[in-house]
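Asker: Here it is, the structure in full.
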Amino acid sequence: MTYPWGDDRPFNSYSGYFARTFGGRMQKVAINAALTCPNRDGTVGHGGCTFCRNDAFTPSYCSPAKSITRQIDEGIEFHRRRYARAEGYLAYFQSFSNTYAPVETLEALFGEALAHPQIAGMVVGTRPDTVDSRKLDMLAALARKKYIAVEYGIESCNDMTLMAINRGHDFACARRAVEQTASRGVHTGAHFILGLPGETPQQLIDQTDTINILPLHSIKFHQLQIFRDTPMERDWTEHPERYPHWTLDDYLDLCVEIVRRLRSDIIVERIAGEAPPRFLAHSQWGLVRNEQLLARFEQRLRERHAFQGDLCR
Ligand code: SF4
């Protein structure tokens, strides 16, 4: 069976999207551009989001002490040794908030990455309250020449949750940023965390109706991971009842129910995150790799004769 997104996988996968768009697998090369975050430097807040630990996601080749070009060179070499199959590379501005700088600074950083001969496009991870019309116009101009995606951390559609995790912006802010980015023709992605304190599985399933209203092109879901030495670790230790205690099967069931309600045109980039165990406050499900988890998720959809969007309202 071929689904509306053009292949026989029961969800609109990122790899399928890349195969259709670029002719094969694309590898993201992470970059640390030495930018910070308004929720850390006092502009919006201090201390950051309670779950945040950026170094848990930063690869070893990625250092703000190195130029963008050098990080890309070393990143490509790192990935070549690990996975030989990449068709091309995307510069991934990943650490902190990558639109939190004057537009001229951003233009220079992004320009250096896009000028690299092996870079086919760029993904910019950021907070929704750090974009404005000048920055978005600049990204839209770049998007007319190369693949450009902006990936917003939204985390939750629930303002109470966003306040509880010290996010420093509300859902309306995220919605505005997504709408203003997508309306300029820039690929727009979002990141959500499943399992934030106080959110029940039913709330997370119901939240999908709100996500479907956003003009998103792609989405990432992550299970909540509690990192050592974060405010969330302290809260989790003192108030374990606020946090979900899902088995891997529970989590996969939840992802199935969410994806069944998700618009079929939204590309599902991932359903879980992976961080080195040394950063984690506890071992969640043992050492399950993302690919294994995704394979089990896909199998579960097939067993239920279900697919992305089959319950979308
Ligand atoms: S916005 Fe991002 S970088 Fe800033 S504190 Fe929150 S998670 Fe960390």
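Asker: Going by how many other Cβ atoms sit within 10 Å of their own, how do SER13, SER95, SER67 line up, fewest first?
Answerer: SER67, SER13, SER95
Asker: Among HIS187, HIS305, what is the fewest-to-most ranking by other Cβ atoms within 10 Å?
Answerer: In increasing order of surrounding Cβ atoms, one gets HIS305, HIS187.
Asker: Based on the Cβ-Cβ distance of GLN202 and LYS66, what FRET efficiency does E = 1/(1 + (r/R0)^6) give at R0 = 41 Å, to the nearest 0.05? It would help to have the intermediate numbers written out before the result.
Answerer: Numbers: r = 46 Å, r/R0 = 1.12.
Efficiency, from the Cβ-Cβ distance: 0.35.
Asker: Follow-up. Which FRET efficiency value, to the nearest 0.05, is calculated for ALA19 and ASN212 with the Förster distance at 25 angstrom and r the Cβ-Cβ distance?
Answerer: It comes to 0.50.
Asker: Need the full-extension length gain, MET160 to ALA108, defined as separation in residues times 0.36 nm minus the C-alpha distance. One decimal, nm.
Answerer: 15.0 nm
Asker: If the chain between ARG289 and THR237 were fully stretched, how many nm would it gain, using 0.36 nm times the residue separation less the Cα-Cα distance?
Answerer: 16.1 nm
Asker: Once R0 is set to 25 Å, what does the formula 1/(1 + (r/R0)^6) return for the Cβ-Cβ distance between ARG296 and MET1, expressed as a FRET efficiency to the nearest 0.05?
Answerer: Using R0 = 25 Å, I get an efficiency of 0.80.
Asker: Further, regarding this structure: Taking every DSSP beta bridge that has both residues in the chain, what percent is antiparallel when rounded to the nearest 5? Please list the in-between numbers first.
Answerer: Numbers: 2 of 35 bridges.
Approximately 5 percent, going by the DSSP bridge assignments.
Asker: To the nearest 500 deg cm²/dmol, what mean residue ellipticity at 222 nm is calculated for the chain from DSSP H runs of n ≥ 4 alone, each contributing -39,500 (n - 2.57), summed and divided by the residues? Kindly include the intermediate steps, with their values, before the conclusion.
Answerer: Working: 10 runs with 115 residues, N = 313.
Helix-only estimate at 222 nm: -11500 deg cm²/dmol.
Asker: Next up: First check a/c for the stretch 1-75, with a ≥ b ≥ c the square roots of the eigenvalues of its C-alpha gyration tensor; if it is under 1.5, answer rounded, and if not, answer prolate when a/b is larger than b/c or oblate otherwise.
Answerer: In terms of gyration-tensor shape, oblate.
Asker: Within the stretch 276-313, find all residues whose amide N lies under 12 Å from a label point positioned 7 Å from the Cα of ARG228 along Cα-to-beta-carbon.
Answerer: Backbone N within reach: 276-283.
Asker: What shape does the stretch 273-313 have by the C-alpha gyration tensor, where a ≥ b ≥ c are the square roots of the eigenvalues, rounded means a/c under 1.5, and otherwise prolate means a/b greater than b/c and oblate the rest?
Answerer: Verdict is prolate for the stretch 273-313.
Asker: Under a point spin-label approximation (7 Å from Cα along Cα-to-Cβ), what is the ASP170-ARG144 distance to one decimal in nm?
Answerer: Placing both labels 7 Å beyond Cα along the Cβ direction yields 3.6 nm.
Asker: Mind checking which aspartates and glutamates have their Cα closer than 19 Å to the Cα of LYS135? Skip sequence neighbours fewer than 8 apart in that chain.
Answerer: GLU104, GLU107, GLU112, GLU151, GLU179
Asker: Note the per residue figure in Å³ for the convex hull of the C-alpha positions in the stretch 111-184.
Answerer: 91
Asker: Let me ask something additional. Which loop-located chymotrypsin sites (Phe, Trp or Tyr not before Pro) does the stretch 33-126 contain, where loop means any DSSP state but H, G, I, E or B and the Cβ has at most 15 other Cβ atoms within 10 Å?
Answerer: TYR83
Taken together, the values in this text are just the output of simple stated rules run on the coordinates, not laboratory data. Everything quoted here is computed from the prediction, not taken from an experiment. Every residue, glycine as well, gets a Cβ built from its backbone with ideal geometry; the counts of neighbours run over all protein chains shown.
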